[in-house]
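Reviewing the structure listed below.
The values are calculated or read from the model by the stated rules, or taken from the named source; none is laboratory data. Values in this document were obtained by computation on a predicted structure and should not be read as measured data. No Cβ is skipped: glycine too gets one built from the backbone with ideal geometry, and neighbour counts run over all protein chains shown.
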Amino acid sequence: MCRSSKPDPAVPRRAFPAVAVAAATDVCISNNIKDRKLDQIPIAHPEVEFINGGPPCQGFSGMNRFNQSPWSKVQCEMILAFLSFAEYFRPRFFLLENVRNFVSFNKGQTFRLTLASLLEMGYQVRFGILEAGAFGVAQSRKRAFIWAAAPGETLPDWPEPMHVFASPELKIILPDGKYYAAAMSTDGGAPFRSMTVRDTIGDLPPVENGASKPTIQYGSEPVSWFQKKIGGATPSLSDHIAKEMNELNLIRYRHIPKRPGCDWKDHPDEKVKLSTGQMVELIPWCLPNTARRHNQWKGLYGRLDWEGNFPTSVTDPQPMGKVGMCFHPDQDRIITVHECARSQGFPDGYRFAGNIQSKHRQIGNAVPPPLAYALGRKLKQAIDAKH
């Protein structure tokens, strides 16, 4: 069935530049939704007070080797569809999240259009880039955010970094040549030290390549503040499962020394024999032959450093991916779903749906919960300030 959702004529509407989205057209609702749930779906202003989300970022991401593909371009255009929700529902607060490259994509035109559209609607707007590692996760993850608040509301401020994290000041260059930074660099210090890989996953029991048991015994005690906060002394662990590598990749990983920063360049230049009797090069041919054009393919087939941090969490960890450093510091396997979830700051009790690929995708697409919590506190402060 389709349910008409015309805008309230009493609510003022302003032009929405360059966004050809019919937000006021009928909203079709699938027949499989029970009638009792239809009443819970917001229809128009002022039923929605807060909209937040991250339109698909793969089209803007520098980690996507296919960001010029037709599907990536469709994903980029979903920014307009997301903005149309703000134009139609007119929430009190609006928060948009995307990758760091969203600010400079298409020479900044998409970013400026987003800001101009929200301003044209009458919203107050604040934009900036935050580093998740400065808010309590052992991961380098820079993300762009746009806050918007309706007239009469207090525009939420940015949370202050709480953890020292080795990252330059995250600046957005303005048209006049000046720059703006939402948060100060932590080079001068912060209340807490940075989180490490050991702080994050050092208490987890060892598992093998291709581990597939959905639940295993924890059998340990948390030894860091992060581990106690994330789960405490839980009797079991879910999703401590690992993607299974083929024989050649497993051999390659076993030849990576168990030292910080080691990757494919630490392989010996030799051939290895597979179980089929075939002799193959230990070093993939493409890596040394194209390394000069690709920053030496730094990190591919790389091991994590116990005293370092995770690279940016991706939706499909693999040794030849854009983020190839996805190997456990000591064990010969790709990091598990549970370890990836911890790198993002998900509590141990959180459950992910689907197969192992789907679970990695859900984790890799998420805003780290500690950063989301810090933003949420600022929203609460803004609401409290009004009262």
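Computed values, structure above
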quantity	calculated
I256, sole failed condition from (1) touching a Leu at 6+ places or on another chain (Cβ under 9 Å); (2) β-branched (V, I, T); (3) touching a residue at least 40 places away in the same chain (Cβ under 8 Å)	(1)
Pair list, Cβ under 9 Å, 6 or more apart: the stretch 169-188 residue more than 13 Å from V103 (Cα to Cα), other residue hydroxyl-bearing (S, T, Y) and modelled with pLDDT of 85 or more	E169/S185; T186/S194
Only one of L237, L170 that is buried (at least 18 other Cβ atoms within 10 Å of the Cβ), modelled with pLDDT under 95, within 24 Å of P368 (Cβ to Cβ) and not assigned by TED's automatic domain parsing to the domain that holds V103	L237
Test result for I146, surrounded by 15 or more Cβ atoms within 10 Å (Cβ to Cβ) and in contact (Cβ under 8 Å) with a residue 60 or more places away in the chain	no
Residue list for the stretch 185-214, restricted to those being among the β-branched types (V, I, T) and either farther than 19 Å from R259 by Cα or assigned to a helix (DSSP H, G or I) (or both)	T186, V197, T200, I201, V207
Answer from P317, P369 - the residue that is under 16 Å from N249 (Cα atoms), of a type outside the set (F, W, Y) and within 16 Å of the chain's Cα centre (by Cα)	P317
Residue in the stretch 282-292 that is assigned to a loop (DSSP other than H, G, I, E, B), in contact with a Gly (Cβ under 7 Å, 6 or more places away or on another chain), surrounded by 13 or more Cβ atoms within 10 Å (Cβ to Cβ) and at negative phi present	no
Restricting the stretch 186-211 to residues that are surrounded by fewer than 12 Cβ atoms within 10 Å (Cβ to Cβ) and out of contact with any strand residue (DSSP E or B) (no Cβ under 9 Å at 6 or more places or on another chain), the residue that is nearest to N249 (Cα to Cα)	E208
Residue that is nearest to V48 (Cα to Cα), among those in the stretch 80-108 that are part of a helix (DSSP H, G or I) and among the aromatic types (F, W, Y)	F89
Listing of strands (runs of 3 or more DSSP E) fully contained in the stretch 113-178 that carry 1 or more residues being within 22 Å of K380 (Cα to Cα)	124-131, 142-149
